C-alpha cells in the first residue's frame, strides 16, 4: 500500500478547536490499497478534527455507495454504505496503533495520515452478505436465478407417506438392538 499524501492532516499549524476535512472516495482510492472487491465507489467522507492542547479527536462520517457483485447472482449493484468512527490521538514515546480507537504518535510528529482509517471505515460498512435488491423484491430475472429455481427441490415430490422415511426406520432399529 502506498501512502496517500492527500490524506495527510497537518495539525501543528491549526488552532485549538474544530476543523473540517472532506474527501471524495472513488475506485482509485481502493486501488492504492490493492482492494478489488468493489467495481466502483462513490463515497463522501467528512472528518471533524477537534484539536486540544494534549490530544486530537477525529470523528469520521462516511456516506455513499459502492458497486459490488451480488453473492447469489453475481450481478453488479450499488450497495449503500454509511459509517462512523471515533479516533483519539495522543502523543507518546513511540508510535502505537494496537487499540482501534486510540492512536499514539511520537511527540515530534506534525501530521497524521487518515487514509487507513477511511479505508477500514468504508470496507467494514459493507454487509458481509451482499444481496441484490432485485432478488429481495423478486424483480431481478437472470439466467443464474432461473437455473437456481430449476434445481430447487420440490416439496410435493415425496416418495413416501408418513412422518419419517421408512429407510431410516430400519437404521433406527440398529440403535435399539443391543
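What follows draws every value from the coordinates through simple rules; no lab data is involved. In this text, all values refer to a predicted model and were calculated from it rather than measured experimentally. Cβ placement follows ideal geometry from the backbone for every residue including glycine, while neighbour counts extend to all protein chains displayed.
One table, with the values for the structure above:
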| item | result |
| --- | --- |
| Measure of compaction for the stretch 30-104 (Cα Rg per 2.2 N^0.38 Å) | 1.47 |
| Mean shadow area of the stretch 1-64, taken as a quarter of the surface of its Cα convex hull (nm²) | 4.9 nm² |
| Where only alpha carbons of the chain are counted, the Rg and the Dmax (Å) | 26.2, 85 |
| Whole-number percent relative contact order across the chain, with pairs defined as alpha carbons under 8 Å at least 6 apart | 18 percent |
| Label-point separation in nm, residue 63 to residue 95, each point 7 Å along Cα→Cβ | 3.3 nm |
| Label point distance in nm, residue 131-residue 107, each placed 7 Å from Cα along Cα→Cβ | 5.6 nm |
| Segments 169-175, 8-14, 87-93 sorted - mean Cβ within 10 Å per residue, highest first | 87-93, 8-14, 169-175 |
